[in-house]
Each structure stands twice: as structure tokens, then as C-alpha cells.
Amino acid sequence: MYQLLTDSACDLPLATLKANKVAFVPFHFNVAGQDLTDDMGGSYELQEFFEKIKAGVMPSTSAINIGEYVDFFTPYAKAGTPAVYIGFSGGLSSSMASAQQAKAMVLEQYPDAQLEIVDTLAASEGEGRMVLEAIRLQQEGKTLAELVAWFEANRLRLQQWFTVDSLDYLYHGGRVSRTSAALGTMLNIKPVMDVDPAGKLRVVSKVRARKRSLQALADKVVAALPSDPKQPVLIGTSGDTAAAEETKKMILAKAPDANVTLGDIGLTIASHTGFGCVAAFVMGAADRK
């Protein structure tokens, strides 16, 4: 049996990873000058973090470095345990490139090791949605090679839709300009964003008023559902549970049998979205463009 690996930006419940024996490597973040590890709630209370960003605290994050990946991969290579790392989008972080370099270094020392790297081209629970697929494939008895082939063929079917309540954090992270952030705030504009085929965040449309942006997410999910009506649909939020629940209701109003689960956007991603981001993740019938 092969080992499933991921990172803390997958934003799945830690209990889900533990129950399925999925190991993770943590990202890092800084709050008010304090360097911390995103260990998925093991040492830092997520709701406390949400309150801080709601109050305007601007955290920063740092990618997983090569040495950390070497330390993460080496025990499996040394033990002869095949492993696959299902990681955060290389279009959004340098961590994926570091993972690839670490793999090369590990294979120099353990040339017979089986170590695969999968760029999910996804973020937050989108990455988590791909980890759930990996768990499913492993439980179905798929080989490591078959799992990697499935990802190559299907990862772009994942649709990832986001909206934020404030543009300040996207500006702080370099995702929008100062002018766009100021104008958007003044006009109560809420962007609807997705992740493009290169794994990068992009603005798809702009609507006025929070409820319309949530409805836009719900409509995107409903449009994708016919490809697999019973599939897991993940709705995540950085603290605005009421908005996430409203989005779920909007989905169920048009697709009452949809399998919708609410969850939290974790520390790493919430550092860039600010309080109140709502995101929806669903598999579509065709590759995103």
C-alpha cells in the first residue's frame, strides 16, 4: 500500500486526514510579529484567528521550503514505502517547486524510492477535494500509477469558486490593485473568482452586494452538478458561517439532493482572503478553461 501525503492548505478537517492515514506537511504564518505553524488547529485556535482578521490584523504566510519537504519525504523513501504528495497549486505558491526539488534530492539518496508529486492546481478545500478523491481511489484499490494517471486526466475538472467580503486582503496580497480595492469598497462590489487552468486565482465577474455574489457561487455549483449529482460539494468560509449556510440553502433550493458539506477555510488561505471569504468546490463534466 502507498502512503497519501498532502499539506496544511488542503483545509480538510484534521480528523478526516487522521482517519484515512493521510500525512501532511505544514505551511507557516505570522500574526502580529509572531511566527507560527499551520498545523491545522493543533496549536492555534481557528476561530481566534478569524476574530483577529475580522478586526483588521494582516497576517503573512511563508511557503514550505525544500529542507522541510526533504524531511517529510525521506522516512517513506528510507522505509521503501511508495508515497504520493497531493499538493497546493504551483500557480499560487513556490511550495510545489520546492517539493519537486526535494523529490530529486531524496531520489539521489534513495534511487529505488517510489515518490510521486501531484500538483492539484487547486487551493483550500479544492485541494482537499482532490485529497478526498485520492482517498477514494486508494480505497477502491487503484495502484499508485493509476491514481497519478487519474489526476492527470481529471484534475482540471475541479471547479473552484470564491468570493470575499472585503478587497483589502486581496490588495495586501497583491491580487488586486489599490485603485480596484478602493473603488470596489466604495461601490460595494464583490468579486467572483475562480482558479484558472494554470492554478492561478482570477476574477471572473464583479457583482454588487454580498447576496448576489453568494448566489453566483451557488449557481456555478448547480450548473456543474449534473456530471455527478451525488458527489461531495464543499463549501468553505473564513469565519462567516451564516454566509456559507446561505450559499448551501441557495444550492439546495435548486438541487435538493445535492451532497453539500460546510467547512472552514484554514489559516494559510484565510491569511490572504481575510474574514468572510466563501468558497465552493465541485467537479464538473469538462476541464475548466
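Some observations on this one:
- A simple packing score, the average count of other Cβ atoms within 10 Å per residue, orders the peptides 212-223, 263-274 as 263-274, 212-223, with the highest score first.
- Atom-type composition of the exposed protein surface of the range 206-269 places 52 percent of the accessible area on carbon and sulfur (1.4 angstrom probe).
- Aspartates and glutamates with Cα under 13 Å of Lys190, excluding same-chain neighbours fewer than 8 positions away: Asp165, Asp168
- Theoretical gain in end-to-end length, Asp219 to Gln231 [0.36 nm per residue, Cα-Cα removed]: 2.7 nm
- Rolling a 1.4 Å probe over the protein heavy atoms gives the chain an accessible area of 44 Å² per residue.
- Answer label for semi-axes √(5λ) of the Cα gyration tensor in Å (calculated), chosen among [x] 31, 23, 16; [y] 35, 24, 15; [z] 45, 18, 17: [x]
- Label-zone membership for the range 238-269, site Ala209, 7 angstrom Cα→C-beta point, backbone N under 18 Å: 243-244, 246-251
- In range of the label at Ala253: residues from the range 214-232 whose backbone nitrogen is under 20 Å from the point 7 Å along Cα→Cβ: 214-226
- Centre-to-centre separation between the Cα atoms of the range 50-124 and those of the range 239-281: 26 Å.
- Based on DSSP H segments of at least four residues, each scored -39500 (n - 2.57), the chain has a per-residue ellipticity at 222 nm of -12500 deg cm²/dmol.
- Contour excess over end-to-end distance, with Cα ends at Glu245 and Ala198 and 0.36 nm allotted per residue: 13.9 nm
- A viscosity of 0.890 mPa s and a temperature of 25 °C, combined with the Kirkwood radius over C-alpha pairs in the Stokes-Einstein formula, give the range 190-236 a diffusion coefficient of 205 µm²/s.
- Computed FRET value (nearest 0.05) for Met1 with Glu45, which takes r as the C-beta separation and R₀ as 45 Å: 0.85
- Highest-first arrangement of 198-209, 235-246, where packing means the average Cβ count within 10 Å: 235-246, 198-209
- The apolar share of the surface of the range 1-137, taken as the fraction of accessible area on carbon and sulfur atoms (1.4 Å probe, ligands and nucleic acids excluded), comes to 51 percent.
The values are calculated or read from the model by the stated rules, or taken from the named source; none is laboratory data. Since the model is a prediction, treat every value here as computed from it, not as a measurement. Don't worry about glycine lacking a Cβ; one is built from the backbone with ideal geometry, like all the others, and counts go over all protein chains shown. The area values use the complete protein model at the heavy-atom level, side chains included, leaving out ligands, DNA and RNA. Shrake-Rupley method; radii C 1.70, N 1.55, O 1.52, S 1.80 Å.
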